[in-house]
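What follows draws every value from the coordinates through simple rules; no lab data is involved. Everything numeric here is computed off the predicted structure, so don't read it as measured data. Cβ atoms come from the backbone with ideal geometry, glycine included; neighbour counts cover every protein chain shown.
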Amino acid sequence: MGNPYRLVVESDPDPFDLALLEERLTDAAVEAVGHGPDRDFGIFVRDDNGRVMAGVSGMFWAGCCQVHALWVDEQLRGRGLGRDLMAAAEAEARRQECRLLMGLTYDALTAHFYDRLGYRTVGVIEDCPAGTTTRWYCKDL
């Protein structure tokens, strides 16, 4: 009697299947940690037509805030929008009674940006992806 399961590598997986994995992992984490489900958030800069020109997104869960994405359109960079978005995320995290904010970034994209905002590096993988560093950062709120 063989294994009833088969592994299938999919280069273009169905978004529903990916969402299913995230949902199941979240359910398992909620059960293991004993805190309620996470809550997503997004803070956006929009132009007059409602188009997103910059933003930060993430989630709140169990007293922590995790940033998933921070992006500013190239034409708006250098004006402090990234800093302002992170300050807004920190303020919202405090309102949600989070004790810290954390995230992951690549040095090739952010080059000391988070250091200047008072974040500390809590983990590093050199040359990943090739030619840059993956960095986990954290800030106590």
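Shown for the chain: cysteine residues without a partner Cβ closer than 4.7 Å, namely C64, C128, C138. A DSSP coil position with no more than 13 other Cβ atoms inside 10 Å describes the following trypsin sites (Lys or Arg not before Pro) in segment 1-52: R6, R51. Summarising the overall dimensions of segment 21-85 from its C-alpha atoms, the Rg and Dmax are 15.3, 45 angstrom. The amide H of M53, built 1.01 Å from its N in the peptide plane, has V45, R46, D47 as neighbours under 5 Å, considering only residues 5 or more places off or on other chains. In the chain, the longest principal axis of the Cα atoms and the axis of helix 15-33 are about 90 degrees apart.
The relative contact order of segment 1-106 comes to 19 percent, based on Cα pairs under 8 Å that sit 6 or more residues apart. Between the Cα long axis of helix 81-95 and the first principal axis of the chain there is an angle of about 70°, rounded to the nearest 10.
A straight chain from R6 to R99 at 0.36 nm per residue would run longer than the Cα-Cα distance by 29.2 nm. Extension gain, V33-T121: 0.36 nm per intervening residue step, less the Cα-Cα distance, totals 29.2 nm.
Spin-label pair T26-Y106: with each label point 7 Å from Cα along the Cα-Cβ axis, the two points sit 2.6 nm from one another. When shorter helices are ignored and each DSSP H run of at least 4 residues is given -39500 (n - 2.57), the per-residue value for the chain at 222 nm works out to -9000 deg cm²/dmol. Rounded if a/c is under 1.5, else prolate if a/b is larger than b/c, else oblate: which is segment 39-140, with a ≥ b ≥ c the root eigenvalues of its Cα gyration tensor? Here segment 39-140 falls in the oblate category. What the phi angles of segment 56-69 give under the Karplus curve with 6.51, -1.76 and 1.60, with θ = phi - 60°, is a coupling list of 9, 9, x, 8, 10, 6, 6, x, 10, 10, 10, 7, 9, 8 Hz, glycine and proline written as x.
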